Amino acid sequence: MFGSQLTIQQRMAQRGVSRREFLKFCSAVAATLALPKAMAPQVVYALEQAARRPPVVWLEFQDCAGDTESFLRASRPTAADVILDTISLDYHETVMAPSGKQAERSLRSTVDAGGHIVVVEGSIPTKDGGVYCTIAGRTALDILADATRKAVAVIAVGSCATFGGLPKVTPNPTGAVGVMDLVKHIPVVNLSGCPMNVVNFTALVVHYLTFGTFPALDRLNRPLFAHGQIIHNNCERRAHFDAGEFVLAWGDEGHRKGWCLYKMGCKGPVATFNCPSVRWNDGVNWPIGAGHPCIACAAPDFFEREAYAVVDIHETNPPAFYPSVEKPAEPISAGGAATLGAVGGLIVGAGIAAAVATARGSGKAPAESAE
Ligand code: SF4
């Protein structure tokens, strides 16, 4: 299905990627995918096979090219070379060398051959027949329908292609929608975020090459390896949250000391993403690490949310009734300890009972699902 003569490893070797770096790349991808350590050799084996680069057609519609920028900044472990070796990028208006009719021919031949993956960046306007985004005289609606006709899957990258993003903000003058609102006949995988993280893009492609399928997705079609955990649970400032140490104003003492940004509107307690582990810019840093609250950029309609409004906590871990670590220890008698233990047991029991009752009453899990 994939038309290449060299194995991915051989192509990497041609670009000066050593065997050691190749193995490190495979381990890093396996770790991003949250695969058991024992499965890393399977990733190595898959990438060593010949003719396994999926042809990719990358379409840009109502976007800012931020995801293309993210894609081109791939540098872990060995710069853009690595990602350009794992896929055959047959068409990408922003970065391809050909232009005009030559570029259109390239698109045509890949789309007609079929078996390709379509990457979509940007939302698709649907109002007035889709006239608000046209390329070479064709609407984005038409181009998307044509490009996905014989494709095996779509990877929607960034907030706009996944959930409509900025163009969809009220009053949504162009009737912008995300890809999954239009494409129903093949799988649509959403790599949301503003922009998407190229580490997750690479992991997704490698998973496809290794297992022939895309990884498990959440209810919003986002890969669980990237969205299985709320940010709050893996945040480096979490100890400050648990200690009740919060930034209360930009530049205050807490901000300078790296305390928790919850009271500055951090969405980490309700947002899922693997930013704390994969980070950005070659793993250098991420927004919370740089002192800015998470804005939940991978959640639907995040552009319409108040960036600095404090969110409700749905998951408390450890439970909220744990004493602050700053509370001075008080000596207690044996009798007092027994009493406290009994009271604590009652509180824990009541808490669990209340949570179960709430869940039964509402038909929902005790903790509202995060985005
Ligand atoms: S509220 Fe935000 S900054 Fe604070 S621990 Fe949670 S994710 Fe980190």
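The values are calculated or read from the model by the stated rules, or taken from the named source; none is laboratory data. Not measured: the values here are computed from a predicted model. Cβ atoms come from the backbone with ideal geometry, glycine included; neighbour counts cover every protein chain shown. With ligands, DNA and RNA removed, areas are computed over all heavy atoms of the protein, side chains included. Shrake-Rupley method; radii C 1.70, N 1.55, O 1.52, S 1.80 Å.
See the values below:
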| read-out | value |
| --- | --- |
| Protection-proxy order for peptides 304-312, 263-271, 88-96, each taking the mean of Cβ atoms within 10 Å per residue, highest first | 263-271, 88-96, 304-312 |
| Spin-label pair GLU236/TRP250, simplified geometry with 7 Å Cα→Cβ offset, distance in nm | 2.2 |
| Alpha-carbon spread of region 8-227, three principal axes, descending order, Å | 54, 39, 28 |
| Accessible carbon and sulfur surface of region 88-214 relative to its total accessible area, %, 1.4 Å | 57 |
| Simple spin-label estimate for LYS257 and TYR45 in nanometres, 7 Å along Cα-Cβ | 5.3 |
| Length added when fully stretched, GLU104-THR170, from 0.36 nm per residue minus Cα-Cα | 20.3 nm |
| Length released on extending from MET96 to PHE211, taking residue separation times 0.36 nm less the Cα-Cα span | 38.5 nm |
| Full-stretch length increase - ARG305, ALA145 - with 0.36 nm per residue and alpha-carbon distance subtracted | 54.5 nm |
| Whole-angstrom gap from region 122-162 to region 296-310, using each part's C-alpha centre | 25 |
| Calculated P(r) tail over 15 Å for region 184-235, as whole % of Cα pairs | 50 |
| Accessible surface of LYS257 - all protein chains present, 1.4 Å probe, nearest 10 Å² | 110 |
| Peptide ranges 63-73, 190-200, 106-116, 10-20 listed from the most packed, as the mean C-beta count within 10 angstrom indicates | 190-200, 63-73, 106-116, 10-20 |
| Separation of alpha-carbon centers, region 195-242 and region 10-60, rounded to whole Å | 18 |
| Solvent exposure of region 170-225 as accessible area per residue, Å², 1.4 Å probe | 35 |
| Label-point gap, in nm, between THR134 and ALA243 - each point 7 angstrom along Cα→Cβ | 6.1 |
